[in-house]
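Enquirer: One structure is given below, represented as structure tokens, and several questions about it will come after.
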């Protein structure tokens, strides 16, 4: 089904492997005719922002799954284990994490990404990790898996 999207001036979107930017001074309307992953500027995270927090690490992983049509891919188990580690560090956010995992299991990677977008904001309001000396989420293995 086609997707109609409006891009504000200077706004960017990711569509089908390319980042597009509206260089005009007025909003642009695009019609995406293929079944491609599409992300608006405010949903895109560059790799350099990934390590800003545990939630940003989670978000980046889910973004990769969405953009590259994850589901049944080798990194799925690694991502789910990372999500469970996050939930154990931030018990106040465990409900959000459970919903994200349910969406991943159902193959709804954009819905999982959208919940993770909320998780970025909620992490700031959540209590600090349970253990003061807690290890950060495992990203060395993730970097090699991606």
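Enquirer: If the requirement is being in the same structural domain as residue 112 (by TED's automatic domain parsing), surrounded by fewer than 16 Cβ atoms within 10 Å (Cβ to Cβ) and not in a strand (DSSP E or B), which of these qualifies: 88, 36?
Expert: Just a single option satisfies the conditions, and that option is 88.
Enquirer: Which of the residues spanning the range 50-87 are at pLDDT 80 or above and closer than 20 Å to residue 14 by Cα?
Expert: Across the range 50-87, the qualifying residues are 56, 57, 58, 59, 60, 61, 62, 63, 64, 65, 66, 67.
Enquirer: Continuing with this model, one more query. For the range 5-28: of the residues being exposed (fewer than 10 other Cβ atoms within 10 Å of the Cβ) and modelled with pLDDT of 90 or more, which is nearest to residue 66 (Cα to Cα)?
Expert: 23
The values are calculated or read from the model by the stated rules, or taken from the named source; none is laboratory data. Bear in mind that the values here come from a model prediction, so they are computed numbers and not experimental data. All Cβ positions, even for glycine, are placed from backbone atoms using ideal geometry, and neighbour counts span all protein chains on display.
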